Amino acid sequence: MKTDDVKKLYDDYVLGTYSHLPVCLVRGKGSYVWDIEGKKYLDFFPGWAVSGLGHCPPAVTAAVKHQANKMLHISNNFLNCKQAQLAQKIAEHSFSSKTFFCNSGAEAIEAAIKFGRRYGNQYGKYEIITMQKSFHGRTLAAVTATGQVKYHDGFDPLPEGFKYVEFNVLESLQAAITPQTAVILLEPVQGEGGVHVATKEYLQAVRKICDEQNILLVFDEVQTGMGRTGEMFAFKHFDVEPDLMTLAKSLGGGVPIGALVVNNKVENCLVPGTHASTFGGNPLVTAAGLAVFKTIEKERLLENARVMGAYLREKLKALQAKHAFMTDIRGLGLMCAVQCAGDAAEVVKKAMEKGLLINCTQGSVLRVMPALNVTKKLIDTAMEILDQSMEGIV
Ligand SMILES: *Cc1c(COP(=O)(O)O)cnc(C)c1O
């Protein structure tokens with residue numbers, strides 16, 4: 001098969017919900033991927049932030065192979081040692097918590113909304129406050145939680161009880177809170193919305209409000225979690241613990257897994273039968289999740305994310321001095337972005353032609369989020385290509 005053959009099959013049989021780059025990727029190793037014609041690319045946005053350890057990380061691939069030979073799936077009515085161990089690992093690295101497993105970020109958000117409502121309903125509360133420019137996924141409740149009208153278009157009527165406030169602006173939040181407010185949901189670093197980092201003062205003030213008014217604080221760490229920002233979970237940068245935390249994306253190192261992590265406040269209102277997922281946390285995906293944690297610990301990838309993140313931003317700033325089109329560099333750890341003065345899609349296209357994969361979000365923001373085990377050498381290579389791709393763009 002050639003790229004054009006695959007494209008033809010897509011045109012005939014795959015629903016057109018995505019715009020596609022004309023590239024069919026068939027193989028990956030570390031920070032590199034190859035297309036069906038054998039062209040090699042340096043991947044600085046691996047798998048939409050799913051492949052946080054790069055492509056086919058050896059420990060994850062080995063764990064998946066091993067588990068696939070033993071037991072792929074069992075129902076959640078039986079005990080599954082991998083699921084139990086992964087929940088323990090998450091608790092060791094987050095807060096005193098218990099975990100519910102599902103299969104995606106949107107499902108983790110869906111669970112957070114359901115559990116938040118269930119907790120709130122005990123006190124006559126039901127409202128969910130989320131942030132403008134947020135992104136929480138595409139199921140009906142998750143897309144409603146997403147504070148961007150473009151994602152709501154054509155799906156009316158949306159579930160009730162959602163409100164949107166300005167991110168990082170305390171007054172905006174305060175004005176929206178009522179005695180019915182059950183949940184405040186936010187990303188500590190907004191991802192799809194353009195990589196906007198919350199301030200410490202803001203998150204600490206939000207925590208205080210939640211404590212005083214019996215509101216649950218939910219951090220969506222689907223994109224920021226698992227070391228992306230240089231801490232295992234982004235909340236650690238702010239000295240603020242949420243009551244609930246959603247995970248997905250790189251939790252499985254490439255296999256589909258989602259998780260909702262809750263503290264003991266919420267735990268008690270969840271009894272058997274209140275929520276479920278058939279595939280959630282099955283042996284295959286939780287074995288992968290355990291291997292992801294082990295790899296991050298063993299290879300000291302949090303430290304690498306901090307050091308390489310600082311290096312990457314320094315290099316991006318040096319490029320910014322050269323290209324007026326780059327107006328701002330934002331980020332935390334290896335979650336980095338370049339604000340551009342205009343449409344940045346052309347830069348992504350040019351970079352791809354030259355063998356570098358990066359992402360454009362919100363039209364004018366370039367997301368540069370390499371694997372946590374990236375090296376200075378790879379960053380240098382990427383920056384050279386980005387430099388060339390910026391040439392002539394105004
Ligand atoms: C990607 C993302 C989601 C949705 O995850 P899916 O697995 O696509 O459902 C939710 N929240 C954040 C912050 C994300 O980045």
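Just so you know, all these numbers are worked out from the coordinates, no wet-lab data involved. Computed from a predicted structure; not experimentally measured. For neighbour counting, all protein chains shown are included, and Cβ atoms are generated from backbone atoms with ideal geometry for every residue, glycine included.
Figure legend. Inter-residue proximity from segment 227-246: first residues farther than 23 Å from Glu107 by Cα, second residues in a loop (DSSP other than H, G, I, E, B) and more than 13 Å from the ligand (Cβ to nearest atom), beta-carbon distance below 6 Å, spacing 6+ or different chains. Indicated pairs: Gly230/Gly333; His237/Glu231. Set side by side, the residues Ile90, Ile129 differ, and just one is closer than 21 Å to Pro188 by Cα, more than 17 Å from the chain's Cα centre (by Cα), more than 12 Å from the ligand (Cβ to nearest atom) and not hydroxyl-bearing (Ser, Thr, Tyr), which is Ile129. Restricting attention to segment 144-154, does a residue exist that is in contact with a Lys or Arg (Cβ under 7 Å, 6 or more places away or on another chain), farther than 24 Å from Gln213 by Cα and surrounded by fewer than 24 Cβ atoms within 10 Å (Cβ to Cβ)? The answer is yes, given that some residue of segment 144-154 is in contact with a Lys or Arg (Cβ under 7 Å, 6 or more places away or on another chain), farther than 24 Å from Gln213 by Cα and surrounded by fewer than 24 Cβ atoms within 10 Å (Cβ to Cβ).
Can you name the residue in segment 30-45 that is part of a strand (DSSP E or B) and under 21 Å from the mean Cα position of the chain (by Cα) and, of all such residues, is surrounded by the fewest Cβ atoms within 10 Å (Cβ to Cβ)? Show your work before the answer.
Restricting attention to segment 30-45, the residues satisfying the condition of being part of a strand (DSSP E or B) are 30, 32-35, 40-43.
Among the residues that remain, those that are also under 21 Å from the mean Cα position of the chain (by Cα) are: 30, 32-33, 42-43.
Values: Gly30: 20, Tyr32: 17, Val33: 23, Leu42: 21, Asp43: 26.
Looking at the filtered set, the residue picked out is Tyr32.
So, Thr17, is that one over 30 Å from Leu270 (Cβ atoms), of a type in the set (Ser, Thr, Tyr) and part of a helix (DSSP H, G or I) or not?
Values: over 30 Å from Leu270 (Cβ atoms): yes; of a type in the set (Ser, Thr, Tyr): yes; part of a helix (DSSP H, G or I): no.
Spelling it out, it is not the case that Thr17 is over 30 Å from Leu270 (Cβ atoms), of a type in the set (Ser, Thr, Tyr) and part of a helix (DSSP H, G or I).
Restricting to segment 46-64, and then to whatever is outside any loop (DSSP other than H, G, I, E, B) and within 16 Å of the ligand (Cβ to nearest atom), can you tell me which residue is farthest from Leu25 (Cα to Cα)? So that I can check it myself, show each step before the final result.
Initial filter on segment 46-64 (outside any loop (DSSP other than H, G, I, E, B)): 46-49, 55, 58-64.
The next check asks that each one be within 16 Å of the ligand (Cβ to nearest atom); those that pass are 46-49.
Details: Pro46: 12, Gly47: 11, Trp48: 14, Ala49: 16 Å.
Per the stated criteria, the residue is Ala49.
If a residue has to be among the basic types (Lys, Arg) and in a strand (DSSP E or B) to count, how many in segment 80-126 make the cut?
Just the residues of segment 80-126 that are among the basic types (Lys, Arg), to begin with: 82, 89, 98, 114, 117-118, 125.
Filter again for in a strand (DSSP E or B), leaving 98.
Adding up the residues that qualify gives 1.
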